[in-house]
Amino acid sequence: MDNPLISVIVPAYNAEKSITKCIFSLLRQNIKESYKIIIVNDGSTDDTLTEIKSFKDNPKISIIDKKNEGVSIARNTALKNVNSKFVTFVDSDDFVDSNFLVDLYSGFKDAKDVDLTISGFRKLNTNNKLLEEYKFSNVTRSAEDVISLLLNETGPQGYLWNKMFRTSIIKKYSLLLDPKIFMAEDLLFCIQYLKFSKKVRVSNYCDYNYVQDSNSMNGGLSFTKNNRRYKKIFNNYFFALNKILNEIKNNPKKYSLAIINVKARLAREYSIFLRLLLLNNDKNKKLQKEVYWQAYKLKRYVFKSKSIPVSKKMFFACTIYCPHLVHISDEARFSWERN
């Protein structure tokens, strides 16, 4: 298939248990237009490549086998091989409904000057039990409005897999994922893309099934005790959020709401990081003070944000003004859960 309308990029690393289900869900798409599935085996050490190669004779599938360099470089490798008009992404441990491509593509036909489409998704646990469903209203919005929306904690977020992009914008502005970032690298990519876009179509379709694994990097942001990776994960997340802020802060009039949202997110994540430092009995008092100060100096953005519920604002305030009281509560919670 030389010139498909849509390319679907699937990075895969040690996904032998899920990749077949993922691929079958993509092959069962109801869309009439042509599409190509580009699967990138990112140096898997299990039988992922064997599972992928069982589909090698299917004309819809293209396989790239490379050494392990991380999901961002895997996606970038595929992007450099895309020759379609549109491109979307699917993660190897997830699966999609049969109208996934139909619904994302339809957004480009519903309104003029649309450069990005966004749909809802379901969050499942590893037993495929539904945890939550995220549906959004049908609306066409400006790209700058959607930057704020993606930074809104209750919005469609910066995931790549519930969106469809115009390849021409990615190619024209040489947009790639930053390989130094493994937290919110997709959100950063989306915001960089939106800076060169006109309109975005958000739909109420819900065709993507996101399987949440507590061992994933995003799971590392969860509030858990004795997670050895939490410092590395949070520091990378702060680095990503600050890069996002640098993308928009020089135009405060255009991105005023987005700036509030990203600074509010930074403040709340610093407060969570502080709680984790205390919970894990971290001895670095200098680090604790620095993290506390970062949360404290950004506190007004949490209170200004319209996307954060009052209950979360109140808990944030407790963490800032009574951190040791919150720590006692955290210790009691984990002690109760152990028993």
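The values are calculated or read from the model by the stated rules, or taken from the named source; none is laboratory data. Keep in mind that this is a model prediction, so the values were computed, not measured. Quick note on the areas: whole protein, heavy atoms, side chains included, nothing else; ligands and nucleic acids left out. Shrake-Rupley method; radii C 1.70, N 1.55, O 1.52, S 1.80 Å.
Mind checking the per residue accessible area of the chain for me, 1.4 Å probe, whole number of Å²? Before the final figure, lay out each step's value.
Details: 16320 Å² over 339 residues.
Value for the chain: 48 Å² per residue.
Would you kindly calculate the translational diffusion coefficient of region 1-126, applying Stokes-Einstein with the Kirkwood radius from alpha carbon pairs, for 4 °C and a viscosity of 1.567 mPa s, and quote it in µm² s⁻¹ without decimals?
Values: Rh = 15.0 Å.
Reported coefficient: 86 µm²/s.
So how tilted is helix 310-321 from the main axis of the chain? Cα-based, degrees 0 to 90, rounded to 10.
In the chain, helix 310-321 runs at an angle near 50 degrees to the longest axis.
Here are some pairs, Lys66/Lys123; Lys163/Lys313; Lys171/Lys297; Lys171/Lys249; which of them have Cα atoms lying more than 28 Å apart in this structure?
Working: Lys66/Lys123 30 Å; Lys163/Lys313 30 Å; Lys171/Lys297 39 Å; Lys171/Lys249 25 Å.
Result: Lys66/Lys123; Lys163/Lys313; Lys171/Lys297 exceed 28 Å.
How compact and how long is region 1-70, expressed as Rg and Dmax of its alpha-carbon atoms in Å?
12.0, 36
Quick one: Karplus J couplings for region 111-121, per residue in order, coefficients 6.51, -1.76, 1.60, θ = phi - 60°, nearest Hz, x for Gly and Pro?
Result, ordered by residue: 8, 7, 6, 7, 10, 8, 10, 9, 10, x, 7 Hz.
Quick one: what are the phi-derived ³J(HN,Hα) couplings along region 228-241, Karplus 6.51/-1.76/1.60 with θ = phi - 60°, whole Hz, x for glycine and proline?
Whole-Hz 3J(HN,Hα) from phi for region 228-241: 5, 8, 4, 5, 4, 5, 5, 4, 5, 5, 4, 4, 5, 5.
At q = 0.20, 0.23 Å⁻¹, what is the base-10 log of I(q)/I(0) for region 234-339 according to the Debye formula with one equal point scatterer per Cα and no solvent? Please give it to two decimals.
Log10 of I(q)/I(0), two decimals: -1.05, -1.25.
What are the semi-axes of the equivalent ellipsoid for region 85-166, taken as the square roots of 5 times the Cα gyration tensor eigenvalues, largest first, in whole Å? Numbers along the way, then the final one.
Values: eigenvalues 97, 51, 24 Å².
That gives 22, 16, 11 Å for the three semi-axes.
On each of the three principal axes of the Cα atoms of the chain, give max minus min coordinate, whole Å, ordered largest first.
61, 47, 32
Can you work out ³J(HN,Hα) from phi for every residue in region 161-168, in order, using Karplus 6.51 cos²θ - 1.76 cosθ + 1.60 and θ = phi - 60°, giving whole Hz and x for Gly and Pro?
7, 10, 9, 10, 10, 7, 4, 4
Check which residues have an amide H placed less than 5 Å from Asp207's amide H, if you skip close sequence neighbours.
Result for Asp207 returns Gly120.
Would you kindly find the accessible area of Asp65, with a 1.4 Å probe and non-protein molecules such as ligands, DNA and RNA excluded, rounding to the nearest 10 Å²?
Accessible surface of Asp65 is approximately 90 Å².
At 1.4 Å probe size, with the rest of the protein present, what percent of the exposed accessible area of region 39-181 is carbon and sulfur atoms?
Working: 2760 of 6310 Å².
Its accessible area is 44 percent carbon and sulfur atoms.
With a 1.4 Å probe and all protein chains kept in place, how do Arg268, Arg228 rank by accessible area, largest first? Walk me through the numbers before you get to the answer.
Values: Arg268 40, Arg228 230 Å².
Descending order: Arg228, Arg268.
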